[in-house]
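Visitor: Can you keep this structure in mind? I'll have questions shortly.
The values are calculated or read from the model by the stated rules, or taken from the named source; none is laboratory data. Everything quoted here is computed from the prediction, not taken from an experiment. No Cβ is skipped: glycine too gets one built from the backbone with ideal geometry, and neighbour counts run over all protein chains shown.
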Amino acid sequence: MIFSKAALVSLLVASSNAFVVNQPSQASRIVLHEASGLDIGSSMAADIRKQLNYTPGGANTEIAKRYGHLVGAKIKTVGEAFADFTKDLGYTVNPLYKNMVTDLVGTTHLISVNARFKRDPVWSLGLITVMELLLKNYPEQEVSAKIISSLIKSVGMNEGEIRNEAEVMKAWAQGKTKEQVEAALMGEGDGPLAAVAKGVKGDKYWMYSRYFGIGLIKIMDMVGMDQDKDEAYNVMEDWMSKKLGVSHLTACNDSDLYFKSKEKLDMMETMMKEIEIREKKRLAERLEEKAEAALRAAEKEVKMQKEIEEEASKNREKANA
């Protein structure tokens with residue numbers, strides 16, 4: 001039997017109540033029996049539902065009032081999002097990048113369809129930062145740009161809007177100090193970061209996601225802070241828990257993951273440059289060898305031509321004699 005999200009919540013509440021009292025209520029037993037697939041009779045189940053008077057999203061709670069209108073909404077699956085991405089891209093993703101791109105599409109889609117998700121300039125800055133970092137060494141840069149566009153489109157967003165939000169945040173952070181950023185994270189001032197901070201502080205259901213954390217790391221970089229994994233961890237902990245007043249654990253883990261990935265990518269870039277330098281050196285050596293061979297061939301041709309002319313001259317002298 002397939003349950004809706006609301007039914008699963010009801011099941012969870014009924015199950016948790018069973019730990020509070022000695023015996024589960026009749027309603028709890030009915031729900032549990034339904035979950036186990038046992039046939040309890042349709043009329044009895046209908047009577048129980050009627051007594052419970054349960055309506056999905058209709059509870060008298062703040063979270064139900066806020067998100068109740070989403071009951072029954074058609075949510076695109078990860079598979080559908082990836083199908084849309086592939087169709088819009090129109091290219092085959094390089095095999096070295098395929099797993100990474102697949103993960104990016106899935107992760108971004110799951111973030112965007114969460115009812116609690118709210119996009120902001122910090123999140124947009126983090127998204128663009130991650131995409132450009134991971135794809136900066138992609139073999140075909142025109143395909144790289146198209147991957148970013150198709151990914152954003154596949155999750156129902158507009159690339160122009162996201163890039164504009166990212167640029168607004170970058171423009172604000174340019175020339176700022178750490179102290180000014182931290183003041184904005186406390187909600188002081190009227191800049192874009194202060195507006196984001198006020199939104200976070202004023203919403204107890206605000207949802208953190210990975211790109212928000214990466215956006216903060218990008219801001220750290222722009223204000224001249226050392227891009228060191230341990231230093232960034234401490235700053236992230238302070239900014240999330242003390243300045244924004246939310247949990248820092250996931251953000252700090254994402255910070256560590258970002259710097260580990262960046263370190264590997266930097267190492268890969270260094271190796272690629274070394275390989276490129278070696279290839280150019282080998283190409284130069286081959287060209288030099290070809291040039292020397294061509295010069296030797298030309299000298300040999302000149303020498304042969306000279307010998308032919310000398311031989312012809314001797315033959316003419318003999319003929320005249």
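Visitor: Among the listed residues 166, 183, 194, 145, identify the single one that is under 20 Å from the mean Cα position of the chain (by Cα), in a helix (DSSP H, G or I) and either in contact (Cβ under 8 Å) with a residue 60 or more places away in the chain or buried (at least 16 other Cβ atoms within 10 Å of the Cβ) (or both). Spell out the reasoning first.
Guide: Details: 183 fails: under 20 Å from the mean Cα position of the chain (by Cα); 194 fails: under 20 Å from the mean Cα position of the chain (by Cα); 145 fails: either in contact (Cβ under 8 Å) with a residue 60 or more places away in the chain or buried (at least 16 other Cβ atoms within 10 Å of the Cβ) (or both).
Unique residue meeting the criteria: 166.
Visitor: If you don't mind, there's one more thing I want to ask. I need the full set of residues from the range 78-101 which are of a type in the set (S, T, N, Q) and at pLDDT below 95, in order please.
Guide: From the range 78-101, those of a type in the set (S, T, N, Q) are 86, 92, 94, 99; that's our starting set.
Of everything in the range 78-101, those that are of a type in the set (S, T, N, Q) and at pLDDT below 95 turn out to be 92, 94, 99.
Visitor: Name the pairs whose Cβ atoms lie under 8 Å apart, with the first residue in the range 128-140 and of a type outside the set (Phe, Trp, Tyr), the second surrounded by 15 or more Cβ atoms within 10 Å (Cβ to Cβ) and part of a loop (DSSP other than H, G, I, E, B), and 6 or more positions between them or separate chains?
Guide: As it stands, the answer is 139/94; 140/94, since those pairs meet every condition given.
Visitor: With the structure loaded, tell me whether residue 213 is outside any helix (DSSP H, G or I) and at pLDDT 85 or above or whether it fails that test. Even if it seems obvious, please write down each step before you answer.
Guide: Numbers: outside any helix (DSSP H, G or I): no; at pLDDT 85 or above: yes.
When the stated conditions are applied, residue 213 does not pass them.
Visitor: Given 308, 275, which one is surrounded by 10 or more Cβ atoms within 10 Å (Cβ to Cβ), modelled with pLDDT under 85 and within 57 Å of the chain's Cα centre (by Cα)?
Guide: Values: 308 fails: within 57 Å of the chain's Cα centre (by Cα).
Within the list 308, 275, the selection yields 275.
Visitor: Please verify whether residue 219 is modelled with pLDDT of 95 or more, β-branched (Val, Ile, Thr), surrounded by 22 or more Cβ atoms within 10 Å (Cβ to Cβ) and out of contact with any Asp or Glu (no Cβ under 9 Å at 6 or more places or on another chain), treating the condition exactly as stated.
Guide: Details: modelled with pLDDT of 95 or more: yes; β-branched (Val, Ile, Thr): yes; surrounded by 22 or more Cβ atoms within 10 Å (Cβ to Cβ): yes; out of contact with any Asp or Glu (no Cβ under 9 Å at 6 or more places or on another chain): yes.
Spelling it out, residue 219 is indeed modelled with pLDDT of 95 or more, β-branched (Val, Ile, Thr), surrounded by 22 or more Cβ atoms within 10 Å (Cβ to Cβ) and out of contact with any Asp or Glu (no Cβ under 9 Å at 6 or more places or on another chain).
Here is a yes/no grid of residues against (1) in contact (Cβ under 8 Å) with a residue 24 or more places away in the chain; (2) in the same structural domain as residue 203 (by TED's automatic domain parsing); (3) basic (Lys, Arg); (4) not in a helix (DSSP H, G or I):
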{"site": "242", "(1), (2), (3), (4)": "no, yes, yes, no"}
{"site": "245", "(1), (2), (3), (4)": "yes, yes, no, yes"}
{"site": "250", "(1), (2), (3), (4)": "yes, yes, no, no"}
{"site": "258", "(1), (2), (3), (4)": "yes, yes, no, no"}
{"site": "261", "(1), (2), (3), (4)": "yes, yes, no, no"}
{"site": "274", "(1), (2), (3), (4)": "no, no, no, no"}
{"site": "278", "(1), (2), (3), (4)": "no, no, yes, no"}
